[in-house]
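The values are calculated or read from the model by the stated rules, or taken from the named source; none is laboratory data. Source: prediction; values computed, not measured. Note: ideal-geometry Cβ built from the backbone for every residue, glycine included; neighbour counts use all protein chains shown.
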Amino acid sequence: MRLKIIFPNIIIVLFLGFASYFLLVSNFREHFDQKTADKLTQQRGLFEQTKRLRGYDMLNVVIKRGRSRELSNVFKPIEDETKTDDEIRQILYRRAFTEVETFSEYWKEEYGRKPELVIITEHNGVAIARNTSPGACPAGKNIAKSLPEVAKALDGQARRFIWSVTKSPFAPGKADADACEMMGGSLLDAVIAPIWRGDEVVGSFLVGFDLSKGLAQEDAERIGLDVAYMEGSDVYSSSLKTDVERKELGEQIKGPLADEVKKALAGRKATGIVSFSTSMSNYFGIVAPLPGVQESSINYMLFASIDDARKPLDDFSIIFIIIGIAAILVIITGWILGNHFINPVVQIEEGLLRVINGDFKYRFEVRSAEVGGLCYRINQLIGVLTGEEEEEEEEEEESETE
């Protein structure tokens, strides 16, 4: 009897509790997923605008530097007949090196980081200085032959471009690689401008910033999303913290996301929201071409952890605690109510058994508002059958039981 009272109520509580939980979780999961997708779309606009402005600022600074007296004086003729050609060239190299180092320090003071590459070339495209050390590669090499942007700068054009050093003659494994080992493996966001002396172009000034893990992490902190830079379908750098995740991201881009990346490369436009997973988390992401550059193989990816976005759903586990408490209350209440109704019935059953066994003097004294009247009538019946009248009036019995 008690189970008949408790069990249906337990079923109702559990059904309503779990149904409410899964309904709320489902609705809020959709809400958080949509919020993540909207954030990706919105922050992509901010990211691209920032990249364009940064590239514009870089280009303007380099153009201005190319017209400065300091760079112009690098090519100032040396009127000293006692100097040999080699000595004059060394003076030229030292002047140029001083300027590239000065510019590197200037950029660090103004923007917080040094350029990875600063190069000055002569009017014929031969590099005469590079930051890091005097005479460092590619000093002495004609880079205009392998880098069209240098030739354009020597024609008076300034521009921003991406320099994939790994695909240049200066990469490891190429003919001139040994002296340029420091340049291997770099993907540089670069700007180049002509160096003017009066109305004459006397050289070019190239500045490059590595699309490094550090840059990706800076961008990620600024926009609140993870960032990856890609050359084709190869991940060059990302803001992910572990090597395992970076490796898995590369596998995802070359695997499930390969078609989306190809579309972004072919159409030079962003993909829709794509989803992928690593061993650490599930993600939403967008792949798009890097803004402000013409190279068709350079992409970036913005992505955000769906699991992090859904973390507020963990608080919904309190519903299970509420369900448990409700179930316990149902059991306690059901047990109390069961006893309230069942105990008088048990007493009546035991009393009837005594009467059946010949105890005709037994009278029922069950004090219950629900069955008190029934007990009084049973007592009357026993009295009629035994010829004994009940002393108490029905009203008194009923009032007493109430």
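Some values worked out for this structure:
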| quantity | calculated |
| --- | --- |
| Residue pairs meeting the criteria (Cβ under 7 Å; at least 6 apart or on separate chains; first in a helix (DSSP H, G or I) and surrounded by 13 or more Cβ atoms within 10 Å (Cβ to Cβ), in the stretch 333-354; second modelled with pLDDT of 75 or more and of a type in the set (D, E, K, R)) | none |
| Which numbered condition Asp259 fails, given (1) among the acidic types (Asp, Glu); (2) touching a residue at least 24 places away in the same chain (Cβ under 8 Å); (3) over 18 Å from Ala304 (Cα atoms) | (2) |
| Within the stretch 355-377, tally of residues that are assigned to a helix (DSSP H, G or I) and of a type in the set (Lys, Arg) | 1 |
| Only one of Ser277, Ser239 that is polar (S, T, N, Q), farther than 29 Å from Asn60 by Cβ and not assigned by TED's automatic domain parsing to the domain that holds Val100 | Ser277 |
| Condition check for Lys262: part of a loop (DSSP other than H, G, I, E, B), more than 30 Å from Tyr21 (Cβ to Cβ) and not assigned by TED's automatic domain parsing to the domain that holds Phe161 | no |
| Per-region count, the stretch 107-117, residues loosely packed, with under 14 Cβ neighbours inside 10 Å and assigned to a helix (DSSP H, G or I) | 3 |
| Residue that is farthest from the chain's Cα centre (by Cα) [pool: residues in the stretch 326-377 that are under 30 Å from Gly17 (Cα atoms) and of a type in the set (S, T, N, Q)] | Asn339 |
| Failed criterion for Ile120 (all others in (1) among the hydrophobic types (A, V, I, L, M, F, W, C); (2) in a loop (DSSP other than H, G, I, E, B); (3) at pLDDT 90 or above hold) | (2) |
| Pair list, Cβ under 8 Å, 6 or more apart: the stretch 201-212 residue under 11 Å from Gly156 (Cα atoms), other residue among the small types (Gly, Ala, Ser) and assigned to a strand (DSSP E or B) | Ser204/Ala193 |
| Number of the condition not met by Thr271 [criteria: (1) out of contact with any strand residue (DSSP E or B) (no Cβ under 8 Å at 6 or more places or on another chain); (2) surrounded by 18 or more Cβ atoms within 10 Å (Cβ to Cβ); (3) over 30 Å from Ile378 (Cβ atoms)] | (1) |
| Residue list for the stretch 31-48, restricted to those being surrounded by fewer than 17 Cβ atoms within 10 Å (Cβ to Cβ), in contact (Cβ under 8 Å) with a residue 12 or more places away in the chain and over 19 Å from Asp308 (Cβ atoms) | Leu46 |
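So that you can scan it fast, the table gives a plain yes or no per residue for (1) among the aliphatic types (A, V, I, L, M); (2) part of a helix (DSSP H, G or I); (3) under 30 Å from Phe303 (Cβ atoms):
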residue: Phe7; (1), (2), (3): no, yes, no
residue: Ile12; (1), (2), (3): yes, yes, no
residue: Leu23; (1), (2), (3): yes, yes, yes
residue: Thr36; (1), (2), (3): no, yes, yes
residue: Lys39; (1), (2), (3): no, yes, yes
residue: Gln49; (1), (2), (3): no, yes, yes
residue: Pro77; (1), (2), (3): no, no, no
